[in-house]
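Structure first, then comments.
The values are calculated or read from the model by the stated rules, or taken from the named source; none is laboratory data. Remember, it's a predicted structure, so these values are computed and weren't measured experimentally. Here Cβ is always computed from backbone atoms with ideal geometry, including for glycine, and neighbour counts include all displayed protein chains. Surface accessibility is based on the protein's heavy atoms, side chains included, excluding ligands, DNA and RNA. Shrake-Rupley method; radii C 1.70, N 1.55, O 1.52, S 1.80 Å.
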Amino acid sequence: MQNTGYAPEDLIPLVAELANKFTGHEHSSISYEKAQTLMEAVLYCIHELELPENNALFHRQLSARDAYLAGKTIVIEKVQKLRDLYGEFLPDFQDYGSICLKETVIDGIPAFLNHYDIRFAPQETLLTLDYPILKDISALSGIDAVLEYVKCIQLEQLFLQRFSISYITETLYAYHEDYCVLIENICYIILQNLILRTLQGQLFPLSEFAEPNHTDRENIMESCVSSALRELISHYFDNDLALTEYFSHCVPDVAARLPYLVKGTL
């Protein structure tokens, strides 16, 4: 059970009210598992007030009921934000042939919006979010997970749409002839290609990084990849901070692959 700062006796009446509404006021008996689910629903909403963007200090001044209701309002607002965000980028959305990306965005997100239960199960993510993004959101659930996921997809679309479809599909095909069925992040593949191109245009000898015992090789490569990433974002996206922050999550992985990329073994 999440620590909300409220005693169980403050939370149980809220669970009882949800149980009454869940059964349609016909009876008050529910299974232990359902009671647990409803308690998680209450805790999830209260936890919304603990998130960095909200006023945690103000939260401590509220009763459990008021904190729950305030948190539930935040959940409702986030669902609307998800609808708005999804509606913004969907008309220009491109899957570039990736079946997993297409199914997740075109089918999965609307399914979540249609079935997400704000009242009785806001903590449920519902979707497996099969298409991998570059940011770890495994600690999130419910609307928090899906909203953050869609924000990441929107950033990826912003990045990919800066380049021609032919360049993207040709690069993906060169990476793997059957890239369409891969469950891989296509933005990562393109970014990796662009970073390598950028590094190859610089003056330092990349071949040195292929030496297995190169001193401080890992730190040097991460520094080089970070520098190349900043150059790309500066050149194509006017130093967009959101893109820089998002792509920074994959810098260590690209750096680790760099010796093999230089050798052409990936």
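Points worth noting:
- Residue-normalised accessible area of the chain, given per residue in Å² at a 1.4 Å probe: 54
- For the chain, the share of accessible area belonging to carbon and sulfur comes to 51 percent (1.4 Å probe, ligands and nucleic acids excluded).
- The residues neighbouring D130, those whose beta-carbon lies less than 14 Å from its own, together hold a net charge of -3 under the Lys/Arg +1, Asp/Glu -1 convention.
- Residue-wise HN-Hα couplings along the range 177-191, as the Karplus relation 6.51 cos²θ - 1.76 cosθ + 1.60 with θ = phi - 60° gives them from phi, are 4, 10, 4, 4, 9, 6, 9, 9, 7, 5, 5, 4, 4, 5, 4 Hz; Gly and Pro carry x.
- Relative contact order (%) - criterion: Cα under 8 Å, at least six apart; region: the chain: 15
- Each part gets one Cα centre, and for the range 61-75 versus the range 225-251 those centres are 38 Å apart.
- √(5λ) per eigenvalue of the Cα gyration tensor, the chain, largest first, Å: 44, 21, 16
- For the chain, calculated [θ]222 nm from helices alone, where every DSSP H run of n ≥ 4 adds -39500 (n - 2.57): -19000 deg cm²/dmol
- Only Lys, Arg, Asp and Glu carry charge here, each on its Cβ (+1 for the first two, -1 for the last two); on that basis the range 55-119 has a dipole of about 480 debye about its Cα centre.
- Using a simple spin-label model with pseudo-atoms 7 Å out from Cα toward Cβ, L113 and D238 lie 2.8 nm apart.
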